[in-house]
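Before any comments, here is the structure.
All of the numbers you see were taken from the coordinates with simple rules; none came from a lab. Just so we're clear, the structure is a prediction, and the values are computed from it rather than from any experiment. As a convention, Cβ positions derive from the backbone with ideal geometry for all residues, glycine included, and neighbour counts pool all protein chains shown.
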Amino acid sequence: MIGKPASFGGRSWSQSLRQLPNLLSLLRFALAPWCAIAIFEAEFPKALTLFFVAGGTDFFDGYLARRFGWHSALGRMLDPLADKALMAMVYFALWMAGAVRGWLVALVFGRDLFILLGALIIALRTGTREFAPSLAGKLSTAFQLGAALFVLCERCGWCSVQVAEAWTWAAAAGTVASGGDYLRLGWRMMRQGAPRS
């Protein structure tokens, strides 16, 4: 019939394509442990490739969601969880490989734990269930991704130690700044007793 949308597995193409950002987030979940394993085994070129692809899924799932309005409740949950899984596994593996300092890993993990506990307290006190990421949080994630990327590049011999070191300090500064920003936002939400706009 003319004008009838094509279907795939009982669903229209448009409905299927709306799930693409979620599938990219799931791919990032799947790549995270393989990237960590490659780091543990000192296969740094392989780890760098996997990490680059995983980072690419983060960019494209966000772009597709914004460009075409393919937002969903599942996507709002999957995307940050996939980011955290990738960061946690990669940073832990880099620390075990002696590529980054323990205090940086503790800072990254500590900030996430701080945010998680803060979100739980706010949810219990105000009933707020959704917490949009702040600009500082997004920048912090970008610096953490960049630091891991350049540390892997340094291990492959593709950039200098100084460049990798500069990125790790940028990641540390961004992590501290975003933690402070979330503390400010959380305190404001607690005082208002309602979700922030």
- Query: What percent do you get for the relative contact order of region 32-191 when only Cα pairs under 8 Å and 6+ apart count?
  - Reply: 27 percent
- Take the alpha carbon atoms of the chain, find their radius of gyration, then divide it by 2.2 N^0.38 Å using N residues; give the quotient. 1.16
- Query: Anyone know which of Tyr63, Tyr182, Tyr91 comes out most mobile in the 10 Å Cα GNM of the chain?
  - Reply: Tyr63
- Task: Under 4.7 Å Cβ to Cβ, no partner at all: give me those cysteines from the chain, in residue order.
- Result: Cys35, Cys156
- Message: If each DSSP helix of 4+ residues adds -39,500 (n - 2.57) and the sum is divided by the residues in the chain, what number results at 222 nm, nearest 500 deg cm²/dmol?
- Response: -27000 deg cm²/dmol
- Note on the structure: Cα pairs beyond 20 Å in region 100-197, in percent, come to 44 percent
- Message: Testing the spin-label approximation: label points 7 Å from Cα along Cα→Cβ at Met77 and Leu135. State their distance in nm.
- Response: 3.1 nm
- Query: Which of the peptides 109-122, 26-39 is most tightly packed, and how do the rest follow, going by the mean number of other Cβ atoms within 10 Å of each residue?
  - Reply: 26-39, 109-122
- Query: What percent do you get for the relative contact order of region 100-197 when only Cα pairs under 8 Å and 6+ apart count?
  - Reply: 41 percent
- Query: For region 1-98, what value does the Rg/Rh ratio take when both radii are computed over Cα atoms and Rh is the Kirkwood radius, given to two decimals?
  - Reply: 1.13
